[in-house]
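J.: The following block contains the structure, expressed as structure tokens.
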2 protein chains.
Amino acid sequence: MVKFVNLDDCPGFQELLRLARPSLASLLSATRVAGCEVPMAAGLVFNWGATPVDGAVLSALEKIARDQQLVEKYRMLAEGAVMNTGEKRMVLHHLARGQLGAPVVHNGRNLRDFYEGERRRVADFVRAVHAGTIRGSTGKEFSTAVQIGIGGSDLGPRALHIALERWAREHGRMKMDARFISNVDPDDANAVLARCDLERTLFILVSKSGTTQETLANEVLVRSRLEGAGLKPSGHMIAVTSETSPLARNPGYLDSFYIDDFIGGRYSSSSAVGGVVLSLAFGPESFSDFLDGAHKADRMALEPDIRRNAALLDALIGLYERNVLGMGTTAVLPYADALARFPAHLQQLDMESNGKRVNRDGAAISYSTGPVVFGEPGTNGQHSFYQLLHQGTDIVPLQFIGFLEGQTRGDVEVEGSTSRRKLQANLAAQIVAFARGQADDNPNKTFPGNRPSTLIRGTRLDPAALGALLAHFENKVMFQGFAWNINSFDQEGVQLGKLLAKRLLSGANGSANGTHGDDELLAAYAGLLLPPNA
Amino acid sequence: MVKFVNLDDCPGFQELLRLARPSLASLLSATRVAGCEVPMAAGLVFNWGATPVDGAVLSALEKIARDQQLVEKYRMLAEGAVMNTGEKRMVLHHLARGQLGAPVVHNGRNLRDFYEGERRRVADFVRAVHAGTIRGSTGKEFSTAVQIGIGGSDLGPRALHIALERWAREHGRMKMDARFISNVDPDDANAVLARCDLERTLFILVSKSGTTQETLANEVLVRSRLEGAGLKPSGHMIAVTSETSPLARNPGYLDSFYIDDFIGGRYSSSSAVGGVVLSLAFGPESFSDFLDGAHKADRMALEPDIRRNAALLDALIGLYERNVLGMGTTAVLPYADALARFPAHLQQLDMESNGKRVNRDGAAISYSTGPVVFGEPGTNGQHSFYQLLHQGTDIVPLQFIGFLEGQTRGDVEVEGSTSRRKLQANLAAQIVAFARGQADDNPNKTFPGNRPSTLIRGTRLDPAALGALLAHFENKVMFQGFAWNINSFDQEGVQLGKLLAKRLLSGANGSANGTHGDDELLAAYAGLLLPPNA
């Protein structure tokens, strides 16, 4: 019988609080590094050597995993339990990449079949576009795909696109250019459209509900631009939406592809939300490889032994750093230029999922939940914010990512080493520098060390590795949510701002006359910020 | 007589600690919003209405400004005092945009004349490139500039370039494309070079010391690519460096432009480091307008009354949030797509300047210094990490930025409002939602409010406004550093990682045999991460 218990009611956590807090600098050794390896999917490896976790802490974390039944809850989720308690929904993004347990049937429909069926429909559509069977309204072949979406319909697909673009060029998988329009600031769409040959551009409108303010505004802007260019908008636009949205089966689109309420926006990269644009850009096979990598990671996350389950262990170490050591921020530092926007996606994934202050039943909790997440690629970050990471007054746990091989050919040897070798040497050096620090007679040159980090390493960043990497973080966030006993799958915190913006926009001249207690205040800010109404 | 005293030895700070902590939600009113306006340069306005600062707190902050002699120290700095104590250097980035006080003469040279002379040399060179007088090695006109630099030679110029690109297109100021290579990961340079017509590309090598590992490696990579294309590298490359570096007056470059040790990397956007690429892209006049905006902001930051000095007040409010309210992170949220990478630049500016744990004399301090800084443009962030900002367990102070007008034409009206109006309405609504929150019977739909924010607003984002915005944050960071009694101008924290990376790269096969205590550990990570030596 699975029970849902707050973290501070969990015996393993109480035990963890009582334990001595080991010094990372003393703990770390070459032997430990070799012993702290956990295999992941697609050839990746998770190394947690440089964390302040000794045998006693690990045992307590193991106890938390058992007490909080983390893997059992994951299995329940994968098999269709209503884990999104607030919205009373199942949580099925794993099912978009493969079957993990018992079939999930909803209203008589096997949902794995549904997701896989949509993936095949996307693949068929994409092949027809690539073959030139499906063309623009003036008969020209499509050369560019532009995704219109925001939040989960933007960050994940965009980060994954950047992550694979160079790989695709090197491996002959580059099929079409892809661009993204997200912000309601029309400067965004105008800048993207200025670089598009509209006759050859296919727009992908992505909104699950079909009511996202930003996305609909950008759709109208794009349609007016297409019309202005003498093109038929419906011949240049497809929709990714739910079957019940106004965009579904709508003659305004060339075709529509479906997701459902059981795949949340920030978890939707492996559904049609990511699938259409990534398949258009790199071919349906690349996207299938990505899903395979993610599915393998999902399978490995079912492993009950925390020593052999990278996502679970990563989650628990993060919890120790957050709830025992009191660290409020986490940095994601990929030593791979292709992962330039991957931290921005993880920022949404983590902060929107676990930035919560009530438990899954809606009761207030008294411990910290999700941290602030940020990051930039190395070595760039070394020349930017690493100063604070090394010598600031707060400790920020680090998540390093690195690959033996690059995505492109073309390297040079300078002072006895290639650029790639320099990149990797810097990564190795940073882990040691953060953990061990350095004494110096000059306090300004002293490094306190004891800055923990984890490392995910792989051979190369290809679609399968990228899928495994994404699934790792999704599963880490899920396990942390279970341990905190929160609902990682709703986002009530985004509603109030939306509501107040709508009040302002519906009021005459932004004066927001009405009954809301803050109308006077809204009007004051509107007076400062809103341009005269058109 | 100016004295340097730790923050916790400052009477104003002790007073601040004893004061009641006002509730923002109760404090905030339409009257307060109107009364909390501080004019900035270039038509910008700083509004601090939505901060938990009442009259008593403001008086204590004022006392800190007096006790710590913040404006006096700024004046000293501007007039050439050795404020970078660790490196025993003056700090003169303000002088690159204009004279603020007494002339600064070093080794018989008036440094304002030097910086201004270099700016004019840059302008002349750029005009010759635009006129086609200076051409590539095969006689073709240059159409693209590529900056090769990292950290301060990359983030600022890159963020400013993105910020002005759309403005320049609309105003006929677009002269050349510009791109940036920074990461030592060769995937970065390879991807940029794949999109360049090398015959028409001018590379700007930026390294003050002329010894930056990443930049020199990328230079060799670019030179080999130019040679491979049958081009003469020296005809396609200029240098921005110090007069004493190996790159200065070197026949390997078409020309060289100079900075000196008194302008730190993260403060160098208004020197030739930013000036060359921005002038090539948008013309020397645009860059001059940017400098004028920054210089006006610098002048206004000399104002002793904190109620009329936006940078000073912003600094002190941040200090209150950090050192009294215990908030460890700050988010920068520009409601302007063009400022997409401005938060990444501020992340370096702030975290590298104030992420310090010793005071300016090198003695350990016992209070918190610089926060973690992160951010993304609105409304994008609303669909990403705002969940945690509204309902997470930690409070993150927010810095909003917004403009009445956009940079591009082309907007549409949907449901009674333009996209621009929607953008601004969201900004107004978020400030109110964060500050006031909302009660609800359902705790999951409750917003606790009391989330502080400041707002910088302007009419439009043009070069002058951008200069004023950049200078505002530089001066804010400087004032905070003075208040904390730290040196905001060195970066000793980046040295250890560099050192250990060099040890690894110089060792045979990455085994790093040597005398360093961590060599075994370095070798362990090298074994996991380093590819076989070429």
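The values are calculated or read from the model by the stated rules, or taken from the named source; none is laboratory data. Predicted, not measured: the structure shown is a model, and the values here were computed from it. Here the Cβ is made from the backbone with ideal geometry for all residues, glycine too, and neighbour counts use every protein chain on show. Side chains are part of the model used for accessible areas, which takes the heavy atoms of the whole protein and leaves out ligands, DNA and RNA. Shrake-Rupley method; radii C 1.70, N 1.55, O 1.52, S 1.80 Å.
J.: Highest mean first, how do A:422-433, A:303-314 rank when packing is the count of other Cβ atoms within 10 Å averaged over residues? Don't jump to the answer; show the numbers that get you there.
T.: Values: A:422-433: 29.3, A:303-314: 21.8.
My ranking of the peptides, most packed first, is A:422-433, A:303-314.
J.: With the Cα gyration tensor of the range B:1-93 giving a ≥ b ≥ c as the square roots of its eigenvalues, does the rule (a/c under 1.5 for rounded; else a/b larger than b/c for prolate; else oblate) give rounded, prolate or oblate?
T.: Numbers: a/c = 3.28, a/b = 1.53, b/c = 2.15.
Oblate is the answer for the range B:1-93, as a/c is 1.5 or above yet b/c matches or exceeds a/b.
J.: How large is the charge dipole for the range B:450-511, taken about the Cα centre, if only the Cβ atoms of Lys, Arg (+1) and Asp, Glu (-1) carry charge, to the nearest 20 debye? Walk me through the numbers on the way to the answer.
T.: Details: 7 positive and 4 negative charges, 44 e Å.
Charge dipole of the range B:450-511: 200 debye, to the nearest 20.
J.: Let me spell out the model: positive unit charges on the Cβ of Lys and Arg, negative unit charges on the Cβ of Asp and Glu, origin at the Cα centre of the protein assembly as shown. What dipole size does that give, in debye rounded to 20?
T.: Value, rounded to 20: 760 debye.
J.: Taking the Cα atoms of the range B:216-332, report the difference between the largest and smallest coordinate on each principal axis, in whole Å and largest first.
T.: 61, 33, 27
J.: Apply the Karplus parameterisation 6.51 cos²θ - 1.76 cosθ + 1.60, with θ equal to phi minus 60°, to every residue of the range A:97-109 and state each ³J(HN,Hα) to the nearest whole Hz, in sequence, with x for glycine and proline.
T.: 10, x, 8, 9, x, 4, x, 10, 10, 9, 6, x, 10
J.: HN-Hα J couplings of the range B:155-172 from phi, Karplus 6.51/-1.76/1.60, θ = phi - 60°, integer Hz, Gly and Pro as x?
T.: 4, x, x, 5, 5, 5, 4, 4, 5, 10, 4, 5, 4, 5, 4, 5, 9, x
J.: Leaving out same-chain residues fewer than 8 places away, which aspartates and glutamates sit with a Cα under 14 Å from that of B:LYS175?
T.: Cα-Cα hits under 14 Å: B:GLU141, B:GLU165, B:GLU285.
J.: Please compute the modelled spin-label separation between B:ARG169 and A:ALA439, points set 7 Å along Cα→Cβ, answer in nm with one decimal.
T.: Using points 7 Å along Cα→Cβ, the separation is 5.9 nm.
J.: Dividing the convex hull volume of the alpha carbon atoms of the range B:118-168 by its residue count, what do you get in Å³ per residue?
T.: Cα convex hull per residue, to the nearest whole number: 108 Å³.
J.: Might you tell me the accessible area per residue for the protein assembly as shown, computed with a 1.4 Å probe and given in Å²? Walk me through the numbers before you get to the answer.
T.: Details: 33080 Å² over 1068 residues.
Result: 31 Å² per residue.
J.: Under the definition of Cα pairs under 8 Å and six or more residues apart, what whole-number percent is the relative contact order of chain B?
T.: Working: 994 pairs, mean separation 106.0, N = 534.
Computed value for chain B: 20 percent relative contact order.
J.: Tell me whether the range B:389-525 comes out rounded, prolate or oblate; compute the Cα gyration tensor, take square roots of the eigenvalues as a ≥ b ≥ c, and use a/c under 1.5 as the rounded threshold.
T.: Numbers: a/c = 2.41, a/b = 1.93, b/c = 1.25.
Prolate is the answer for the range B:389-525, as a/c is 1.5 or above and a/b outweighs b/c.
J.: For a Förster distance of 41 Å, can you work out the FRET efficiency between the beta-carbons of A:GLU285 and B:LEU17, rounded to the nearest 0.05?
T.: 0.05
J.: Could you grab the Rg to Rh ratio for the range A:368-434? Cα atoms only, Kirkwood for Rh.
T.: 1.04
J.: Something else about it: Rounded to two decimal places and with Rh computed the Kirkwood way over Cα pairs, what is Rg over Rh for the range A:104-251?
T.: 0.97
J.: Using 0.36 nm per residue of separation minus the Cα-Cα distance, give me the extension gain between A:VAL45 and A:ARG409 in nm, one decimal.
T.: In short, 128.6 nm is gained.
J.: Ignoring ligands, DNA and RNA and using a 1.4 Å probe, state the total buried accessible area between B and A in Å², rounded to the nearest 100.
T.: What B and A bury together is about 12000 Å².
J.: Taking one equal scatterer on every alpha-carbon of the range A:341-384, how large is log10 of I(q)/I(0) by Debye at q = 0.13 1/Å?
T.: -0.40
J.: While we're here: Check which residues have an amide H placed less than 5 Å from B:MET237's amide H, if you skip close sequence neighbours.
T.: Amide H neighbours of B:MET237, under 5 Å, 5+ apart: B:PHE203, B:LEU254.
J.: Could I ask something else about it? Compute the signed sum of charges (Lys and Arg +1, Asp and Glu -1) over the other residues within less than 11 Å, Cβ to Cβ, of B:GLN382. It would help to have the intermediate numbers written out before the result.
T.: Values: positive: A:LYS498; negative: A:GLU214, A:GLU352, B:GLU376.
Local net charge: -2.
J.: With θ taken as phi - 60° and the coefficients 6.51, -1.76 and 1.60, list the Karplus ³J(HN,Hα) couplings across the range A:397-407 in order, rounded to whole Hz; mark glycine and proline as x.
T.: Using θ = phi - 60°, the values come out as x, 10, 10, 8, 9, x, 10, 4, 10, x, 8 Hz.
J.: Moving on to the next point. Treating only the Cβ atoms of Lys and Arg (+1) and Asp and Glu (-1) as charged, compute the dipole magnitude of chain A about its Cα centre; round to the nearest 20 debye. Present the calculation step by step, with values, prior to reporting the outcome.
T.: Numbers: 55 positive and 58 negative charges, 141 e Å.
Using only the charged Cβ atoms, the result is roughly 680 debye.
J.: Find out how many positive minus negative residues lie around A:PHE282, taking Lys and Arg as positive, Asp and Glu as negative, among other residues whose Cβ is under 10 Å from that of A:PHE282.
T.: Local net charge: 0.
J.: Also, quick follow-up: Could you work out the helix-only [θ] at 222 nm for chain B, with each DSSP H run of four or more residues adding -39,500 (n - 2.57) and the total divided by the number of residues, to the nearest 500 deg cm²/dmol?
T.: Taken over chain B, the calculation gives -13000 deg cm²/dmol.
J.: May I have the extent of the alpha carbons of the range A:295-385 along their three principal axes, as whole Å values ordered from largest to smallest?
T.: 42, 30, 23
J.: Next question. When only C-alpha pairs under 8 Å and at least 6 residues apart count, what is the relative contact order of the range B:19-78, in percent? Display every interim value, and only then the final one.
T.: Details: 37 pairs, mean separation 18.3, N = 60.
Relative contact order, the range B:19-78: 30 percent.
J.: How would you rank A:161-172, A:357-368, highest first, on the average number of other Cβ atoms within 10 Å across their residues?
T.: A:161-172, A:357-368
J.: Just from the alpha-carbon atoms, what are the Rg and Dmax of the range A:247-311 in angstroms?
T.: In Å, with Rg to one decimal and Dmax whole: 15.5, 53.
J.: Which of the lysines could a cross-linker span from B:LYS502 if the Cα-Cα distance has to be under 23 Å and same-chain partners fewer than 8 positions apart are dropped?
T.: Answer for B:LYS502, where 23 Å is the Cα cut-off: A:LYS422, A:LYS445, B:LYS208, listed by chain and number.
J.: Please give me the summed charge of the neighbours of A:GLN407: other residues whose Cβ is under 12 Å from its Cβ, Lys and Arg +1, Asp and Glu -1.
T.: Once positives and negatives cancel, what remains is -3.
J.: OK, next. Would you please classify the overall shape of the protein assembly as shown from the alpha carbon gyration tensor, given that a ≥ b ≥ c denote the square roots of the eigenvalues, rounded means a/c under 1.5, and beyond that prolate means a/b larger than b/c while oblate covers the rest?
T.: It is rounded, given that a/c, with a ≥ b ≥ c, falls under 1.5.
J.: What's the Cα-based Rg to Rh of the range A:192-251, Rh via Kirkwood?
T.: Result for the range A:192-251 is an Rg/Rh of 0.97.
J.: Considering only the label points, 7 Å along Cα→Cβ from Cα, what distances in nm to one decimal separate B:HIS171 from the same position in each other copy, shortest first?
T.: Nearest to farthest, the other copies are at 4.5 nm.
J.: Still on this structure: Name the long-range amide H neighbours of B:GLN438: under 5 Å, sequence gap of 5 or more, or other chain; modelled H, no Pro or chain starts.
T.: Distant-sequence amide H within range of B:GLN438: B:PHE447, B:GLY449.
J.: Turning to a different aspect of this structure: Using label points projected 7 Å from each Cα along Cα→Cβ, tell me how many nm separate B:VAL82 and A:LYS88, to one decimal.
T.: Modelled inter-label distance: 7.3 nm.
J.: Taking all pairs of different Cα atoms in chain B, averaging 1/r and flipping that mean, what Kirkwood radius in angstroms comes out?
T.: 24.6 Å
J.: Moving on to the next point. Taking the axis about which chain B rotates onto chain A, which residue of B lies nearest it as judged by Cβ position, and how many whole Å separate them?
T.: Residue plus distance in Å, as requested: B:PHE374, 2.
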